[in-house]
Amino acid sequence: MTELVQRVAEGLARLESADLETRVRAVEELARCSEAIVDRVAQVAAKDEDARFLVFERIGRFGSLSVAAVERVYREAEDASLRLMSASVLLEMGNRAGVPDLMAALGDQGDRLWTAALSLSDAGIAEAAGPIEEALLACDLADTRMLDCLATSLRRLRKPLPERVQERLSCVEPAWFRDSLLGRLGPY
């Protein structure tokens, strides 16, 4: 760690040089340091379940440097939760490497389904519409959180909602929630 700190400090100092070649080499060294920093951040997310969501939520601030680090975490993840979360982060950054895992999670329940539906619909992955529709049709009408997630995700991908989905959601109570799910109250 102290070596990386020293490399960053030296690179920043050389960036102030009057010599153009020295400044260019400083930029190259600082880019390598940035890659090392992003790799370290991604590894923290991989190892620390308590920090994982918060780290992955912010890792995109490193820009394109973060894609390779997150993709490495995704490919090496043995934990299904880490694999799905990193797949979601990759998709948010425009990398489709994790789409197969996200699509497979549409057949799951709970948080895995939630994450997959929102990630895929946010990215406009049209192939997800059918599985999201099936999940919505199978969803417990008392599970308001999941109904809202799936209806919102499906509305992003299909306008208007398919008739069989509308029929299913017409059974939801109370009326204001039913109208919200059906889009009668307008977009969120």
Please sort through the DSSP H helices of the chain and keep those with an alpha-carbon extent of at least 30 Å along the long axis and a Kyte-Doolittle average not below -1.0.
20-47
For a protection proxy built on the mean count of beta-carbon atoms within 10 angstrom, sort 127-136, 44-53, 29-38 highest first, please.
127-136, 29-38, 44-53
Carbon + sulfur, % of accessible area of region 95-188 - ligands and nucleic acids excluded, 1.4 Å
53
Name the residue from LEU150, LEU90, ALA36 whose Cα lies farthest towards the positive end of the charge dipole of the chain, charges +1 on Cβ of Lys and Arg and -1 on Cβ of Asp and Glu.
LEU150
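For GLU49 and ARG145, what does the FRET efficiency come to when R0 = 22 Å and r is the distance between their Cβ atoms, rounded to the nearest 0.05?
0.50
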Estimated FRET transfer efficiency (ARG25, SER81; beta-carbon r; R0 45 Å; 0.05):
0.60
Site LYS159, offset 7 angstrom along Cα→Cβ, radius 17 Å on amide nitrogen, limited to region 115-148, gives 121-126, 129
Most packed first (mean Cβ within 10 Å per residue), the peptides 79-88, 55-64 order as 79-88, 55-64
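Could you state the accessible area per residue of the chain in Å², with a 1.4 Å probe and every protein chain left in place?
Per residue, the chain has an accessible area of 57 Å².
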Run the dipole for the chain about the Cα centre, Lys and Arg Cβ at +1, Asp and Glu Cβ at -1, nothing else charged, and hand back the magnitude in debye, nearest 20.
480
Give me the compactness ratio for the chain, meaning the Cα radius of gyration over 2.2 N^0.38 Å.
1.35
Using only the alpha-carbon atoms, what does region 37-96 span along each of its principal axes? Please give whole angstrom values in decreasing order.
24, 22, 16
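The values are calculated or read from the model by the stated rules, or taken from the named source; none is laboratory data. Only a predicted model underlies this, so the values are computations on that prediction, with no experimental measurement involved. Every residue, glycine among them, receives a Cβ derived from its backbone with ideal geometry; neighbour counts consider all protein chains shown. Accessible surface areas use protein heavy atoms only, side chains included; no ligands, DNA or RNA. Shrake-Rupley method; radii C 1.70, N 1.55, O 1.52, S 1.80 Å.
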